Amino acid sequence: MNVIPRPLKLEESTGKINFSSSTEMTGEFDSVRAFAVNMLCDVKGEGRNTVCFKKDDAFEEEEYSIEKRSGDVIVKAKTEKGAFYAVMTMKQLSSGRGYFENVKIHDKPKYAYRGFMLDSARHFWSVDKIKQMIDVMANLKMNVFHWHLTDDQGWRIEIKKYPLLTEKGSIRKDTPLSLYNYWNNKEEHDGKEYGRGLFYTQDEAREIVAYAKERQIDVMPEIDMPGHMVAAISCYPHLSCKAEETQVSNRWGVMDNILCCGNDEVYEFAKDIIDEIVDIFPYKYFHIGGDEVPKKRWKECPKCQAKMKELGLKSENALQSHFNNVMLKHLNSKGKSMIGWNEILDAQEILEPEVIAQWWTNYHPGAAEKAKRWMKSGGKTILSLVNYVYMDHAFAIRPLSKTYGYSYRTMGLENDDNVAGMEIPQWTEYIRDEEKFDMNTYPRLITFAEVCWSDDSNKSYEDFERRFENMRGYFKKSYGFELPHQKVYRGKTTPWYSINKNKYWVKDPYFEVKLNRELMKNGK
């Protein structure tokens, strides 16, 4: 049975089950039934049958079952989410043929939070493209779309109180082509302005939120602060420690120019942003970023040092935790709570315990120990370790099998008692066209969906790869993208994937830097 993610329990039997436009949808969960009817409107089948949705309060929130009874199908679930996931499973099983093989399924997820993050700040993605991603997420039973909307290189969400953020903060003078010579500040650029008019209106954001809701997906915005704020500072220089004029960054990486957390106007600015954003996104969590915040300017800033003295804070890290707590309190007043990257744990002794840390890095000193200490004290985390799940990295460096093997154990944890879930991010510094986006994103997204849904005892990479290969036609027909193929090199299967006659295929991962330069020169 070709289903991804692999169900908890699946029993095959003889016979076929009609699943087509002639299938009648009855019972509970009106919106799911309506969605299924619309989904099957063009699917032809033989005969007539019924799919009856029944509510079962003994089930968990996202649990469901599928069972044939006298030619009809009984779907049990507690909530619309579980019923929707049953429909998605039947969609995969039928693959548009109008039927699927007789099967009995009982299924539920390992984690309640199963996220995919998209960076729209570095490169902009159209509303239609985002809807395609949401469709794929829904089919894979992913349930949180984490939307990275702002960064040093571009501000991509309309804020009516601060119009310059999109009028000016969306535009950079050009774009780096690769990391080649980056450390010498001599990386090559394309020489072309980027970003003018490339932002999402609040109505477009609402459209995406509504589209996702129909597919049982919550949309979580991220406004990265107090670091990664050069695009905003270029519009409103007084928000920085030096209040000097600057431009939207045309370099990737970590910038020293951050919000001045000794300036009371910064807190009001951040609250104003939150006030407009939370009205658009009903999800209970708001992501404030909080990653990669160099404290160099805070150490030299009279306002920051005065604020630390006023509050009795012993370090610049504590000043960031103070900022985080102020944002949390404001979010609480709006009925929201907060998630941030795991650098927010650098001064966790004063950080409010309800905050969720997204654990992406062990690179900076003590990061792993701080995350473990947070969890030991009862704090929750979302697991997103760069070494296993970052989508923008080459398959030659990080094969799908490594992503598939990701678990709390690879984080050095003894158990996952305080793991809220998992998330896979797609950063788009070097991904500027849909062809490369599809190649880098969808194979790993399909893989990760099984990682955060299926129980470890129910996983097998070999079996997953078989299903992955068998479902190529399904994904192309259903969503319009072609999964890249593994290539054989001297009798061995390489971990790199290619697309369109090896256009991107290289055996040596370090050659990818040069390849990126040549492709991006040509607009790729």
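Shown for the chain: cysteine residues without a partner Cβ closer than 4.7 Å, namely 41, 52, 235, 261, 452. Cross-link partners of residue 284 among aspartates and glutamates, defined as those whose alpha carbon lies under 12 angstrom from its own and excluding same-chain residues fewer than eight positions apart: 218.
Using the 1.4 Å probe convention, the accessible area of the chain works out to 41 Å² per residue with neighbouring protein chains retained. Qualifying GluC sites (Glu not before Pro) in segment 113-212, where qualification requires a DSSP coil assignment and no more than 12 other C-beta atoms within 10 Å, comprise 193.
The Cα center of segment 268-323 and the Cα center of segment 52-93 differ in position by 44 Å.
Taking the inverse of the mean reciprocal distance over all distinct Cα pairs, the Kirkwood hydrodynamic radius of segment 307-391 comes to 13.5 Å. Among the aspartates and glutamates, which have Cα under 14 Å from the Cα of residue 303 when same-chain residues fewer than 8 positions away are ignored? Counting by Cα, and skipping residues close in sequence, residue 303 has these aspartates and glutamates nearby: 264, 265, 316.
Calculated [222 nm] ellipticity per residue, helices only, for the chain: -10000 deg cm²/dmol; basis is -39500 (n - 2.57) per DSSP H run with n ≥ 4, divided by all residues, nearest 500.
Rg of the Cα atoms in segment 86-147, relative to 2.2 N^0.38 Å, amounts to 1.40. Ligands, DNA and RNA left out, the 1.4 Å accessible surface of segment 208-324 is 47% carbon and sulfur atoms. At a 1.4 Å probe, what is the % contribution of carbon and sulfur to the accessible area of segment 1-73? Ligands and nucleic acids excluded, carbon and sulfur reach 41 percent.
Computed over the alpha carbons of segment 344-497, Rg followed by Dmax gives 17.4, 56 Å.
Against the chain, whose longest principal axis is taken from its Cα atoms, helix 461-470 shows a tilt of about 70°. DSSP beta bridges confined to the chain are antiparallel in about 40 percent of cases.
Largest first, the residues 203, 463 sort by 1.4 Å accessible area into 203, 463. Placing 101, 265 in order of accessible area, with the largest value first and a 1.4 Å probe, yields 265, 101. The aspartates and glutamates within cross-link reach of residue 186, meaning a Cα-to-Cα straight distance under 14 Å and a gap of 8 or more places when in the same chain, are 174. Label point of residue 265 set 7 angstrom out along Cα-Cβ; within segment 151-183, amide nitrogens under 17 Å from it belong to 161-165. Taking the longest Cα principal axis of the chain as reference, the axis of helix 202-214 is set at about 30 degrees.
Seen from a random direction on average, the alpha-carbon convex hull of segment 1-148 projects onto 9.2 square nanometres.
Measuring between alpha carbons in the structure, the pairs from 213/242; 173/271; 108/372; 295/372 lying more than 31 angstrom apart are 213/242.
For GluC sites (Glu not before Pro), the sites in segment 366-470 that DSSP calls loop and that have at most 11 other Cβ atoms within 10 Å are 414. Ordered by 1.4 Å accessible area with all protein chains kept, 1, 471 run largest first as 1, 471.
Residue 68 contributes about 60 Å² of solvent-accessible surface, heavy atoms of the protein only, 1.4 Å probe. Taking a ≥ b ≥ c as the square roots of the eigenvalues of the alpha-carbon gyration tensor, segment 169-302 is classed oblate because a/c is 1.5 or more while a/b is no larger than b/c. The average projected area of segment 403-458, computed from the convex hull of its Cα atoms over all directions, is 4.7 nm². What separates the Cα centres of segment 136-157 and segment 365-385 is a distance of 23 Å. Computed over protein heavy atoms with a 1.4 Å probe, the carbon and sulfur contribution to the accessible area of segment 418-483 reaches 45%. At what distance in angstrom do the alpha carbon centres of segment 185-264 and segment 423-463 lie from each other? Using only Cα atoms to place each centre, the spacing works out to 25 Å.
Within the chain, the ratio Rg/Rh, alpha carbon atoms throughout and Rh by Kirkwood, equals 0.98. Between residue 299 and residue 9, the contour length at 0.36 nm per residue exceeds the Cα-Cα span by 98.7 nm.
Between helix 512-521 and the chain there is an angle of about 80 degrees, using the helix long axis and the longest principal axis of the Cα atoms.
The values are calculated or read from the model by the stated rules, or taken from the named source; none is laboratory data. Quantities reported herein were computed from a predicted structural model and do not represent experimental measurements. Please note: Cβ atoms are built from the backbone with ideal geometry, for glycine as well, and neighbour counts cover all protein chains shown. These area figures cover heavy atoms from the full protein model, side chains too; ligands, DNA and RNA do not enter into them. Shrake-Rupley method; radii C 1.70, N 1.55, O 1.52, S 1.80 Å.
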